[in-house]
Amino acid sequence: MSTRFETGEIVLVDDDADLLEAMQETLELAGFSVRCYANANVIAEQIQPNWNGIVISDIRMPGRTGMEFLRLIQENAPQVPFIVITAHGDVKTAIQAMKHNAYDFIEKSTEPQHLIDTARRALEKRRLQLENLALRRKVQRIRDPQGELIGSSQVMADLRSTISRIGPLNVDVLLHGETGTGKDLTARCLHQLSPRAPGPLVTINCGAVTEMDIDRELFGFETENGSFPGRIERAQGGTLYLDELDSMPNALQTRFLRVLEERKITRLGGSDAVPVDIRVIAGVKTNPAALVHDGRLRGDLYHRMNVATLSLPPVRERGGDVIELMEHLLDQASENHGLPLPKLSQRQKKQFLTYDWPGNVREIRNIAARLVIGLEADLQIGNGQPIEVSTGYEAAMTAFETELLQNALLQTGGRKAEAAELLGIPRKRLYLRLKSCGLAEEDGS
């Protein structure tokens with residue numbers, strides 16, 4: 001048995017149960033993750049452009065033929081390598097498949113090692129394709145940092161326009177917006193659009209550091225053993241982003257105000273003033289004027305930072321942006337996990353549009369990850385609302401069991417023996433439960 005772990009996934013489709021099982025065993029013993037299907041109907045729509053895997057399919061099958069399957073893959077995910085299985089000596093069919101951009105073909109009587117080598121080459125090609133795609137996206141984000149500020153609503157168009165105007169200016173900026181509205185991302189955009197982009201972007205969450213430590217973290221300190229620069233100094237020539245500025249102790253706010261005015265710091269335990277060349281971006285969760293009124297933010301510090309203020313809108317005020325955000329984050333999660341990209345139903349879209357998203361973009365990212373790995377969104381629970389009883393007990397229990405079985409198969413790459421072990425039940429019982437829930441055909445049984 002091979003001890004090498006092969007990255008990526010193989011979808012294996014053949015209506016010949018014996019051949020399907022033999023190829024699955026050969027590939028799994030070689031270290032591949034394999035999902036098997038008796039026909040292409042179940043899996044055809046699930047192959048997405050960012051899926052980390054390849055397809056090996058018989059060319060002659062009842063229902064949707066292998067050639068029809070190949071054409072559909074070429075339409076939906078043209079870069080996914082597709083290997084066709086042909087009958088011995090069926091050169092004409094193999095040529096036809098290659099004309100439709102099949103990656104390669106193998107005969108049903110091929111040697112196991114040839115099958116393994118062909119699959120390995122195809123998966124390596126797929127790995128390189130996805131690495132190049134990720135690199136291009138990374139370069140694009142560097143060239144256009146605002147590309148991550150997703151949304152077609154007017155408020156987002158106005159925000160991007162304002163960022164474009166003030167990003168290149170050497171002015172300090174105050175951001176305010178609820179948790180998860182993208183203050184960190186906006187700070188990064190402002191930094192990357194500025195002449196300071198080659199310099200560092202140094203971040204500190206003032207609310208995550210104890211009152212005892214934040215002074216040392218910001219200003220650094222000196223001992224007889226040497227000097228230890230703080231975050232302000234480490235941002236030299238770049239940008240300092242202070243999240244949750246209002247969490248900074250009042251006395252430290254006063255001291256930081258002097259830094260903004262004089263652009264000099266003195267380390268704890270030191271005596272010499274150190275000049276600092278930085279741009280400061282600060283973030284608060286609520287309206288800064290209200291924070292000043294409540295005594296949580298010094299008025300003089302607020303007015304000093306209030307040269308340029310950006311208000312980041314919550315998702316509930318952005319209309320249809322939620323669907324754009326969800327689809328974008330689904331794509332990211334699908335790429336990160338190497339799993340098929342789920343397609344949003346009209347029911348889901350309606351649910352997302354009517355939900356108030358208290359966690360904003362951060363909550364959407366979590367829901368997108370749940371959907372990609374095959375879990376329910378659970379928006380009602382996350383919104384603190386009671387679960388509506390809309391079905392009977394038996395139907396609800398069947399739905400729960402179906403989801404449980406699907407998740408077990410998902411986690412084990414479709415391998416029933418491992419799924420049964422994960423669930424703690426005999427394999428025979430797993431087959432019976434799959435059949436009872438209507439999942440047997442979907443798993444190629």
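Enter the accessible area per residue of the chain (Å², integer; probe 1.4 Å; all protein chains in place). Don't skip to the end; give the middle numbers.
Values: 22650 Å² over 445 residues.
Each residue of the chain exposes 51 Å² on average to a 1.4 Å probe.
Based on alpha-carbon positions alone, could you give the equivalent ellipsoid semi-axes of segment 1-104 from the gyration tensor, as √(5λ), descending, whole Å? Please list the in-between numbers first.
On the way: eigenvalues 85, 55, 34 Å².
Working from the Cα gyration tensor, I get semi-axes of 21, 17, 13 Å.
For segment 164-212, how big is the tail of P(r) above 15 Å, as a whole percent of Cα pairs?
52 percent
Going through segment 213-269, which GluC sites (Glu not before Pro) have at most 15 other Cβ atoms within 10 Å and a DSSP loop state? List each step's numbers first, then the result.
Numbers: sites: GLU217, GLU222, GLU224, GLU233, GLU244, GLU261, GLU262; in loops: GLU224, GLU244.
Those that pass, being in a loop and sparsely packed, are GLU224.
What fraction of the DSSP beta bridges in the chain is antiparallel, stated in percent and rounded to the nearest 5?
That works out to approximately 15 percent antiparallel.
GLU327 to ASN132: FRET efficiency via 1/(1 + (r/R0)^6), r the Cβ-Cβ distance, R0 30 Å, to the nearest 0.05?
In this case the efficiency is close to 0.85.
Take the residue pairs LYS92/LYS435; LYS92/LYS416; LYS264/LYS285; LYS125/LYS416; LYS99/LYS125 and return only those whose Cα atoms are more than 30 Å apart. Numbers along the way, then the final one.
Values: LYS92/LYS435 39 Å; LYS92/LYS416 36 Å; LYS264/LYS285 28 Å; LYS125/LYS416 28 Å; LYS99/LYS125 19 Å.
As for pairs spanning more than 30 Å Cα to Cα, those are LYS92/LYS435; LYS92/LYS416.
Between GLU21 and ALA87, what's the calculated FRET efficiency when r is the beta-carbon distance and R0 is 22 Å? Round to 0.05. Don't skip to the answer; put the middle values down first.
Numbers: r = 19 Å, r/R0 = 0.85.
Efficiency computed from Cβ-Cβ geometry: 0.75.
Kirkwood Rh, Cα Rg: Rg to Rh for the chain?
Across the chain, the Cα-based Rg/Rh ratio is 1.09.
Would you mind telling me the share, in percent, of accessible area of segment 28-183 contributed by carbon and sulfur at probe 1.4 angstrom?
Reported share for carbon and sulfur atoms: 53 percent.
Does anything in segment 155-192 have its amide N under 18 Å from the 7 Å Cα→Cβ label point of THR286, and if so which residues?
So the set is 175-181.
For segment 261-363, compute the orientation-averaged projected area of the C-alpha convex hull (one quarter of its surface), in nm².
About 11.3 nm², averaged over all directions.
Under the 0.36 nm per residue contour assumption, what length would be gained going from the current alpha-carbon distance of ASP213 and LYS350 to full extension?
Numbers: separation 137, 0.36 × 137 = 49.32 nm, distance 4.66 nm.
The span from ASP213 to LYS350 would gain 44.7 nm if fully extended.
What spacing in nm lies between the two simple spin-label points modelled at GLU124 and ASN76, each 7 Å away from Cα in the Cβ direction?
Distance between the two pseudo-spin positions: 2.9 nm.
Just how large is the dipole of segment 168-313 about the Cα centre, in debye to the nearest 20, putting +1 at every Lys and Arg Cβ and -1 at every Asp and Glu Cβ?
Roughly 360 debye for segment 168-313.
By how many nm would the segment from HIS293 to ARG255 lengthen if fully extended, with 0.36 nm per residue of separation less the alpha-carbon distance?
Here the segment from HIS293 to ARG255 would lengthen by 11.7 nm.
Taking amide H atoms as placed 1.01 Å from N in the peptide plane, list the residues 5 or more away in sequence, or in a different chain, whose amide H sits under 5 Å from that of VAL276.
Here the answer is LYS264, ILE265, since their amide H atoms fall under 5 Å of that of VAL276.
Where the only charges are on Cβ atoms (+1 Lys, Arg; -1 Asp, Glu), what is the dipole of the chain about its Cα centre, to the nearest 20 debye?
So the dipole magnitude of the chain works out to roughly 1020 debye.
Which of ALA134, ILE95, ILE232 sits closest to the plus end of the dipole of the chain, meaning its Cα is farthest towards the positive end, when Lys and Arg get +1 and Asp and Glu get -1 on the C-beta?
Checking the options against the dipole of the chain, the answer is ILE232.
Going 7 Å from the Cα of HIS337 toward and past its Cβ, which residues in segment 412-436 have a backbone nitrogen under 15 Å from where you end up?
Zone members listed by number: 412-414.
Using only helices, what value at 222 nm comes out for the chain when you add -39,500 (n - 2.57) per DSSP H run of length 4 or more and divide by the total residues, to the nearest 500 deg cm²/dmol?
So the calculated ellipticity at 222 nm is -14500 deg cm²/dmol.
Estimate the FRET efficiency between ASP378 and ASP272 by the formula 1/(1 + (r/R0)^6), using the beta-carbon distance for r and 41 Å for R0, to the nearest 0.05.
Values: r = 56 Å, r/R0 = 1.37.
Between ASP378 and ASP272 the formula returns 0.15.
The values are calculated or read from the model by the stated rules, or taken from the named source; none is laboratory data. What you see is a predicted model, and the numbers here were worked out from it, not measured in a lab. Heads up, the Cβs are rebuilt from the backbone with ideal geometry, glycines too, and the neighbour counts pull from every protein chain shown. Please note that ligands, DNA and RNA were not included when accessible areas were found on the heavy atoms of the full protein model with its side chains. Shrake-Rupley method; radii C 1.70, N 1.55, O 1.52, S 1.80 Å.
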